[in-house]
1. When Thr149 is evaluated against the numbered criteria (1) of a type in the set (S, T, N, Q); (2) in a helix (DSSP H, G or I); (3) modelled with pLDDT of 95 or more; (4) within 29 Å of Asn68 (Cα to Cα), which criterion, by number, is the only one it fails?
2. May I ask you to verify whether Arg12 is part of a helix (DSSP H, G or I), surrounded by fewer than 24 Cβ atoms within 10 Å (Cβ to Cβ) and not aromatic (Phe, Trp, Tyr)?
3. Identify the single condition in (1) surrounded by fewer than 17 Cβ atoms within 10 Å (Cβ to Cβ); (2) of a type in the set (Val, Ile, Thr); (3) in contact (Cβ under 8 Å) with a residue 12 or more places away in the chain that Thr217 does not satisfy, given that it satisfies every other one.
4. Quick one: how many residues across region 245-257 are over 26 Å from Asp203 (Cβ atoms) and either free of Cβ contacts under 8 Å to residues at least 40 places away in the same chain or loosely packed, with under 15 Cβ neighbours inside 10 Å (or both)?
5. Just to be sure I understand the filter: pairs with C-beta atoms under 9 Å, separated by 6 or more residues or on different chains, first member in region 187-201 and at positive phi and touching a residue at least 12 places away in the same chain (Cβ under 8 Å), second member surrounded by 20 or more Cβ atoms within 10 Å (Cβ to Cβ) and not aliphatic (A, V, I, L, M). Which pairs pass?
6. Pick from region 106-115 the residues that are out of contact with any Leu (no Cβ under 9 Å at 6 or more places or on another chain) and assigned to a loop (DSSP other than H, G, I, E, B): which of them is surrounded by the most Cβ atoms within 10 Å (Cβ to Cβ)?
7. Would you check if Ala228 is aliphatic (A, V, I, L, M) and either at pLDDT 95 or above or not in a loop (DSSP other than H, G, I, E, B) (or both)?
8. Can you find a residue in region 115-126 that is within 13 Å of Ala53 (Cα to Cα), without any contact (Cβ under 8 Å) to a residue 24 or more places away in the chain and of a type outside the set (Lys, Arg)?
Amino acid sequence: MNYFDYKAAFSRNIGWVTEAEQISLQGKRIAIAGMGGVGGGHLLTLARLGIGAFNIADFDTFEIGNFNRQAGATVSALEKPKVEVLADMALDINPDLAIRQFKEGVNETNIDNFLKDVDLYVDGLDFFAVSARRATFAACQRLGIPAVTAAPLGMGAAILVFLPKKMSFEEYFCLEGCDEQEMLIRFLIGLSPAMLQMGYLVDPSRVDFLRHKGPSTIMACQLCSGLAATEALKILLNRGKTIVAPHGYHFDIYRNRFVRTWRPGGNRNILQRITLRVARKILSRTDAYGE
């Protein structure tokens, strides 16, 4: 017997949203690519917000190295597909959820199906998944789907929102024609023009672009989920001010700082070009390039 009751389950949201808005959220579908560090948290947070349907994608399985930050990473989940584990966790929150699972991950061949009937895309892809991320954001732009990316940085998070008919992901990050290492640097600096996290990176040798490795914290991942869900609420309910690229913001709890960023032209901006040059020099003196 199913004792679940949607209105009762999410009644404590009422007050911050109206009853009519809560029912509206129940009728929304959100796509999330990546069920790891931030993606799994996005799914569970948005499920508790009362979103009624999801398209989720990930080709990976859980391993012991995921335990420090990933919502579904437990001993019982080891070697199990992330997308299946997180779908079960979300359904345990709301058994009435409509969840489409893309167990092969997201790629250029399934992207339109992944984004079918979607009201919003929330980015949960691994930092190093450059090709998949570019393809997904390009498809969102083409299909007129709002997209939110929340980057876990140190013990903080940075947010960028891309809306239809506004500055696109590609226009902001300027990745065309770059090799992978340059794209990763441009993605990092574009996400975090303020670079608040760099002041307390105690072991730069742990940043390794060549081997697709970098340090992470659960605090940053959970911050991302809260910030992204708030942006999702504002976009889906069409209320509150949404900061749209080339504007963004970075909140770092360790440094107790909140910075709004504005980079007209994205990575073509003179300030960004200077920051990129500095970042290349710093990374060249560490093991970031695997040298």
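1. The single condition Thr149 does not satisfy is (2).
2. Yes: the conditions hold for Arg12.
3. Thr217 satisfies every listed condition except (1).
4. 1
5. Met195/His250; Met195/Thr275
6. So the residue we want is Asn107.
7. yes
8. No: zero hits.
The values are calculated or read from the model by the stated rules, or taken from the named source; none is laboratory data. Not measured: the values here are computed from a predicted model. Neighbour counts are summed over all protein chains in view; Cβ atoms, including those assigned to glycine, are modelled from backbone coordinates with ideal geometry.
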